Amino acid sequence: MNEVIRSALLEAGADIVGFADVKGILKPEIAHLTKAISIGVSRNLNENTVSLLAALKRKAVEMLKARGYKYLSIPADSDRIKNSFIAKLYPLFPHKMAATCAGLGWIGKNGLLISPEYGPRLSLATVLTDAPLKPGKPYTKSLCRSCSLCVEYCPSGAITGSTWSTNDPYIELVKLQNCKDHKQGSRAVNGKPNCGLCINICPYGRKHIIKKGSRGRMTRTSC
């Protein structure tokens, strides 16, 4: 069943799909759904990306529903409609938890999911289910190692340089208020505060970015 769902979602536009065992780590309200389908697309989180993620979640739900399994579709972070039933469950479930449990990546020093292939450039959505899916091998610790580019280049000093692991999942990686204050005071792009240096500077996933230097040469930042 894993490969049927994975193939269908990849064909529909997903860049990466993983399956997680989330038994015992969910809040009681949704604890009966012990598996998660983690869906990632390598693109900025904007209106078009949200629409794509919504379509991919619908695809997964259709396949689960047709087989008689229960499900709960968790929207992308920027698609959280206030006063809806599902909005009340948002604080209970972070997409990054499903992604790390599914083996899609780890939590980097910048507080974002880091995929070995796509780096921190994935936008995520999740479908919880009781279907008997075979889970991937989870990440339990960071692979950022000694790399501190995001720490060094963060203009707000928000990134603490601490390292994530499942043994210490609540360690402070990012001083969120510092980050928020900087974004509010930075130059706006299309009406939204602009930064993203901690994403752009990360060496993981750089092979998916074409960047030419002043002489037309390919350039790459690495640790």
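The values are calculated or read from the model by the stated rules, or taken from the named source; none is laboratory data. On a predicted model such as this, the values are computed, not experimentally measured, just so you know. Positions of Cβ are generated from backbone atoms using ideal geometry, with glycine treated the same way; all protein chains shown enter the neighbour counts.
Of the residues ALA102, ALA66, only one is surrounded by fewer than 17 Cβ atoms within 10 Å (Cβ to Cβ), modelled with pLDDT of 95 or more and aliphatic (A, V, I, L, M); which?
ALA66
When you go through VAL41, VAL22, VAL50 one by one, which is the residue that is crowded, with 19+ Cβ neighbours inside 10 Å and closer than 23 Å to GLY205 by Cβ? Show your work before the answer.
Details: VAL22 fails: closer than 23 Å to GLY205 by Cβ; VAL50 fails: crowded, with 19+ Cβ neighbours inside 10 Å.
Answer to the check: VAL41.
Which of the residues that make up segment 38-64 are in a helix (DSSP H, G or I), within 15 Å of ALA8 (Cα to Cα) and not β-branched (Val, Ile, Thr)? Steps first, answer last, please.
So the first thing to find is which residues in segment 38-64 are in a helix (DSSP H, G or I), and the list is 47-64.
Restricting the remaining residues to those that are within 15 Å of ALA8 (Cα to Cα) gives 52-64.
Within segment 38-64, LEU52, LEU53, ALA54, ALA55, LEU56, LYS57, ARG58, LYS59, ALA60, GLU62, MET63, LEU64 meet the criteria.
Being of a type outside the set (Lys, Arg), assigned to a helix (DSSP H, G or I) and within 12 Å of the chain's Cα centre (by Cα) is the requirement here; does ALA99 meet it?
It is true that ALA99 is of a type outside the set (Lys, Arg), assigned to a helix (DSSP H, G or I) and within 12 Å of the chain's Cα centre (by Cα).
In segment 120-169, which residue that is of a type outside the set (Gly, Ala, Ser) and assigned to a strand (DSSP E or B) is farthest from VAL61 (Cα to Cα)? Steps first, answer last, please.
Here is the first cut: in segment 120-169, the ones of a type outside the set (Gly, Ala, Ser) are 120-122, 124, 126-130, 132-135, 137-141, 143-145, 147, 149-155, 159-160, 163-164, 166-169.
Filter again for assigned to a strand (DSSP E or B), leaving 124, 126-129, 141, 159.
Details: LEU124: 16, THR126: 10, VAL127: 7, LEU128: 9, THR129: 9, LYS141: 31, ILE159: 37 Å.
By that ranking, first place goes to ILE159.
Does LYS35 satisfy being in the same structural domain as ILE114 (by TED's automatic domain parsing), under 28 Å from THR166 (Cβ atoms) and at pLDDT 95 or above? Full working, then the answer.
Values: in the same structural domain as ILE114 (by TED's automatic domain parsing): yes; under 28 Å from THR166 (Cβ atoms): yes; at pLDDT 95 or above: yes.
Yes: the conditions hold for LYS35.
Considering segment 105-119 alone, what residues qualify as being in a loop (DSSP other than H, G, I, E, B) and either at negative phi or buried (at least 24 other Cβ atoms within 10 Å of the Cβ) (or both)?
Narrowing segment 105-119 to residues in a loop (DSSP other than H, G, I, E, B): 105, 108-112, 116-118.
Within segment 105-119, GLY105, GLY108, LYS109, ASN110, LEU112, PRO116, GLU117, TYR118 meet the criteria.
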